[in-house]
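J.: If you scroll down you'll find the structure; I have some questions about it.
The values are calculated or read from the model by the stated rules, or taken from the named source; none is laboratory data. The model shown is predicted, which means the values in this text are computed figures rather than measured ones. With ideal geometry, Cβ positions are generated from the backbone for all residues, glycine too; neighbour counts draw on all protein chains shown. Side chains included, ligands, DNA and RNA excluded: accessible areas come from the protein's heavy atoms. Shrake-Rupley method; radii C 1.70, N 1.55, O 1.52, S 1.80 Å.
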Amino acid sequence: MLRPAPRAKRRSRNAQTAAAYALLAPSLVGVIGFLLAPVVIVLVLSLFDWKLLSTPEFIGLANYRKLFADSDVWHSLLVTLYYVLICVPGTTILSLLLALLVDRKLRGMKYFRALLVIPWMATPVALGLVWSWIFDPGRGALNQFLGLFGIHGPAWLSSPVLAMPSVAAVHIWQFAGYNMLFFLAGLQNIPPSLREASSLDGASPVAHFFTITLPLLRPTMLFVLITNVIGSFQAFDTIFVMTEGGPGHSTEVTTYQIYDEAFHKFDFGYASTISVLLFAVVLVATISQFVYFERRTTYEVSG
């Protein structure tokens, strides 16, 4: 049997490599143009004093020294962590419960699943406007509903105590249905034979969930947690529309302070420095989750 010449092999391999790069090129352009390049630009800008209308002036690490002494930045970071600690567990638990609820072969269930995903499809600004009306203390639907039972509803978005939980509840409501889809896919990937085996062993539904279902959902849980953490740290639109960081800076998350520094004070250099801090926090949180789940996750299950 004749073997292809080494030169022909190289040509074939080069052609396959060129075809692979050609197929990857659109995605690579997107990653470089919309992910890597902005990160590099922000890192460079953080070393400059740039008031937008003036010429950028290199100041080295002066913005970072200002950052570590700025109590407003650290307050906004604490507010952001508070927001994340409400949104991530709330969204994850609710989406998992919804997935367990809709993981049934019932008539019309697919329409119910689609209904739960609709909030995710709405724009954050529109949601913010609608929920601002719902939370309105005088004419809002929520207080009107509470009034039917003789309950005088509070000023949800004007209270420093209630404003952040109210805004976080909107985030949870918006993304629970979307994350439900991932948990539903994970549930349907679990072999039915495992459920049958646990039933034969006399395991209760609760025991089956915690000993079989939940451990096998860890890959899905990792994805949902990472995307929720990143999304919660980046939250801006709904908070901007509903509270504008108030009352009394109680909902002034880090993204809102970046916006304020850049587009109100026109200090793009310092805004970039705060962005670097937020990027570092999100990166550490993401890596920590990967490390935690690395040895606790099963990726393949044989039926």
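J.: On average, how much area does the Cα convex hull of the range 141-234 cover when viewed from any direction, in nm²?
T.: Computing the convex hull of the Cα atoms and averaging its projections yields 9.3 nm².
J.: Quote the relative contact order of the range 130-197 in percent (integer), defining contacts as alpha-carbon pairs under 8 Å separated by 6+ residues.
T.: On the way: 38 pairs, mean separation 11.9, N = 68.
Across the range 130-197, relative contact order equals 18 percent.
J.: Near LYS265, which aspartates and glutamates are there with a Cα under 20 Å away, not counting those fewer than 8 places off in the same chain?
T.: ASP49, GLU57, ASP70, ASP72, ASP237, GLU244, GLU252
J.: Report the paramagnetic label zone for GLU244: residues of the range 65-95 whose backbone N is under 17 Å from a point 7 Å from Cα along the Cα-to-Cβ axis.
T.: Those under the cut-off are none; the list is empty.
J.: Just to check I understand the Karplus step: with θ = phi - 60° and J = 6.51 cos²θ - 1.76 cosθ + 1.60, what whole-Hz values come out for the range 89-94, glycine and proline as x?
T.: x, x, 5, 5, 5, 5
J.: Just the accessible area per residue of the range 149-303, please: how many Å² with a 1.4 Å probe?
T.: On a per-residue basis, 50 Å².
J.: Let me ask you something else. Among ILE230, ILE287, what's the order by accessible area (1.4 angstrom probe), most exposed first?
T.: ILE287, ILE230
J.: Is the shape of the range 1-130 rounded, prolate or oblate, going by the alpha carbon gyration tensor and its root eigenvalues a ≥ b ≥ c, with a/c under 1.5 for rounded and a/b larger than b/c for prolate?
T.: Values: a/c = 2.82, a/b = 1.10, b/c = 2.57.
Here the range 1-130 falls in the oblate category.
J.: Grab the DSSP H runs of the chain that are 4 residues or longer, score each as -39,500 (n - 2.57), total them, divide by all residues and round the 222 nm result to the nearest 500 deg cm²/dmol.
T.: Calculated mean residue ellipticity at 222 nm is -22000 deg cm²/dmol.
J.: Restricting things to Cα coordinates, could you compute the convex hull volume per residue of the chain in Å³?
T.: Each residue corresponds to 250 Å³ of Cα convex hull volume.
J.: Sticking with this one: If I take all pairs of Cα atoms in the range 191-303, what percentage of them are more than 17 Å from each other?
T.: 68
J.: Can you order the peptides 271-282, 130-141 by their average number of other Cβ atoms within 10 Å per residue, highest first?
T.: Packing proxy ranking, top to bottom: 271-282, 130-141.
J.: Could you work out how far apart the two model spin labels at ILE118 and LYS51 are, taking each label as a point 7 Å from the Cα in the direction of the beta carbon, and quote it in nm?
T.: 5.1
J.: Now for a different question. Please enumerate, by chain and number, the aspartates and glutamates with C-alpha under 20 Å from the C-alpha of LYS105, excluding those fewer than 8 residues away in the same chain.
T.: Counting by Cα, and skipping residues close in sequence, LYS105 has these aspartates and glutamates nearby: GLU196.
J.: Between ARG13 and LYS66, what is the FRET efficiency for a Förster distance of 51 Å, r being their Cβ-Cβ separation, to the nearest 0.05?
T.: Efficiency for this residue pair is about 0.40.
J.: Give me the dipole magnitude in Debye, nearest 20, for the chain about the Cα centre, with unit charges on the beta carbon: positive for Lys and Arg, negative for Asp and Glu.
T.: The calculation lands at about 1780 debye.
J.: Show the residues, 5+ positions off or on another chain, whose built amide H is closer than 5 Å to the amide H of PHE48.
T.: Under 5 Å from the amide H of PHE48 lie the amide H atoms of ILE59, each far enough along the sequence or on another chain.
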